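As structure tokens, the structure follows; a few thoughts come after it.
The values are calculated or read from the model by the stated rules, or taken from the named source; none is laboratory data. Please read these numbers as outputs of a predicted model, since none were measured by experiment. All Cβ positions, even for glycine, are placed from backbone atoms using ideal geometry, and neighbour counts span all protein chains on display.
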Amino acid sequence: MPATTAESPELTPRRRTILSLIMREYITTAEPVGSRHLVETYDLGVSSATVRNEMKALEELGYLTHPHTSAGRVPTHKGYRYFVQHLLHESSLPPSLQHTIRHQFFQVQQELDQWVRLSASVLARTVQSAAITTMPRPAQARFKHVELISLQPRTFLIVLVLAGGAVRQQLITVDDPWTQAELSQLSTDLNERLGGLDWTQIRNLESHPDPLARQIIDLAASVLFHEDERSERIYRDGLTNVLQAPEFSDRDEAQRFIEIFEEPSPIEPLIHETRQLPGVQVIIGGESPYEHLPNVSLVLSRYGRPDQGAGILGVLGPIRMPYGRTISTVRFMSQLMGGLVASLYSDAMSETLDD
């Protein structure tokens, strides 16, 4: 994510005020903002000529630009970044809206998949933009435990459970018969040996003397490796909200956004990066190293705990995005989903201890 830049010394209080007003006007109207409009709308205490000179200075500094067909100015990527980092006065969602959102989650079944799907829908509807969410998963797949269940003397089921709750099963047939008691003892031995390890740590273990144990250890390492490599499952909602924005009235721009939104490759690296970071991350497309995301901004946040399982939720839309409302909504949803996931893990742990 781009590092926070220090406030520019060239931006006097008056210039910061004018830049902030232009940002807010343009985000609301999608129309270039002129000096006369600012003077007539806001009590700036200066003439239109003074405002025009300040706007020219902001353009020379790279915070504003102007379309060739208009005397008004529009923000640049640098202007958006400065606005988000230094001029945005973020506020919490109204309590009534928080209550409404919480109520929607308590109406659905206590199932993680439904919560994740619902979070994408609620984000998209609340911000009137496109939204994505992912299922929580550990930053790196780790072994939790294995169960070996006898089906026939030479056939049994391997149930491999990963940290975060993912379960993988495989049938295996061996040459020599095994009793359930023997398989249970082997499970205990393997759980003590492999508990909490990732695939590289498992591969580096000393070889186990038992051929069956070595086979199961190799299987565990392979499953964990492919778990780390597998593509993220992304839930999406709200595409039509974005396509109604004037920025995407052009067919090529609309198609480009659809590809960014629906294809995993453009945003998966951002999801993996955000999973390692606390707080809300604002990515303004076109900024280095995000040149492959022109005219698109993302507001993303991690939810859950990296050691148990962390997911990502957030909003995609035009760079002309209502950042204040978007950031506050993403932050609230992250806190809400984090609490729901924590309660789910807590309930599962209690059931395990009771068993």
task = Output the number of residues of the stretch 61-82 satisfying the condition of being part of a loop (DSSP other than H, G, I, E, B) and either surrounded by fewer than 15 Cβ atoms within 10 Å (Cβ to Cβ) or of a type in the set (Lys, Arg) (or both).
result = 6
ask   = Would it be correct to say that Ser150 is part of a helix (DSSP H, G or I) and modelled with pLDDT of 90 or more?
value = no
Any chance Glu31 is outside the structural domain of Ile327 (by TED's automatic domain parsing), within 26 Å of Glu287 (Cα to Cα), touching a helix residue (DSSP H, G or I) at 6+ places or on another chain (Cβ under 9 Å) and outside any loop (DSSP other than H, G, I, E, B) = no
message = If I go through the stretch 232-258 residue by residue, how many of them are over 14 Å from the mean Cα position of the chain (by Cα) and over 15 Å from Pro318 (Cβ atoms)?
response = 1
Residue selected from the stretch 162-179 under the condition over 27 Å from Ala342 (Cβ atoms) and in contact (Cβ under 8 Å) with a residue 24 or more places away in the chain, by the criterion nearest to the chain's Cα centre (by Cα) = Gln170
task = Mind listing just one residue for me: the one in the stretch 204-227 that is within 28 Å of His272 (Cα to Cα) and either among the β-branched types (Val, Ile, Thr) or surrounded by 16 or more Cβ atoms within 10 Å (Cβ to Cβ) (or both) and, of those, farthest from the chain's Cα centre (by Cα)?
result = Ile217
task = State which residue pairs qualify: first residue farther than 20 Å from Ser207 by Cα and inside the stretch 180-193, second residue among the aromatic types (Phe, Trp, Tyr) and surrounded by 13 or more Cβ atoms within 10 Å (Cβ to Cβ) in any location, beta carbons under 9 Å apart, and separation of 6 or more residues or different chains.
result = Gln180/Phe156
query = Which residue pairs have Cβ atoms closer than 6 Å, lie 6 or more positions apart in sequence or on different chains, and pair a first residue in the stretch 210-239 that is of a type in the set (Asp, Glu) with a second residue that is in a loop (DSSP other than H, G, I, E, B)?
reply = Glu227/Ala141; Asp228/Ala141
inquiry  = Residues that are among the basic types (Lys, Arg) and assigned by TED's automatic domain parsing to the domain that holds Leu270, at least 2 per element: which helices (runs of 4 or more DSSP H) completely within the stretch 164-235 meet that?
reply    = none
key: Selection from the stretch 38-60 of residues that are assigned to a loop (DSSP other than H, G, I, E, B) and either at pLDDT 95 or above or of a type in the set (S, T, N, Q) (or both)   = Ser47
key: In the stretch 270-286, the residues that are out of contact with any helix residue (DSSP H, G or I) (no Cβ under 9 Å at 6 or more places or on another chain) and closer than 14 Å to Val296 by Cβ   = Leu270
ask   = So Ala30 fits all but one of (1) surrounded by fewer than 15 Cβ atoms within 10 Å (Cβ to Cβ); (2) free of Cβ contacts under 8 Å to residues at least 40 places away in the same chain; what number is the exception?
value = (2)
note = Ile101 vs (1) farther than 25 Å from Gly279 by Cβ; (2) in a helix (DSSP H, G or I): all pass except (1)
request  = Identify, from the list His66, His89, His77, the residue that is touching a strand residue (DSSP E or B) at 6+ places or on another chain (Cβ under 8 Å), more than 26 Å from Gly309 (Cα to Cα) and at pLDDT below 90.
outcome  = His66
inquiry  = Looking at the stretch 272-304 only, could you name the residues that are under 18 Å from Asp228 (Cβ atoms) and surrounded by fewer than 22 Cβ atoms within 10 Å (Cβ to Cβ)?
reply    = His272, Glu273, Arg275, Gln276
query = Would you pick out the residues in the stretch 108-140 that are surrounded by fewer than 21 Cβ atoms within 10 Å (Cβ to Cβ) and among the small types (Gly, Ala, Ser)?
reply = Ser121, Ala139
task = Could you grab me the full set of residues in the stretch 83-98 that are part of a helix (DSSP H, G or I) and within 18 Å of Ile319 (Cα to Cα)?
result = Phe83, Val84, Gln85, His86, Leu87
Restricting the stretch 164-193 to residues that are of a type in the set (Gly, Ala, Ser) and over 16 Å from Ala221 (Cα atoms), the residue that is surrounded by the most Cβ atoms within 10 Å (Cβ to Cβ) = Gly164
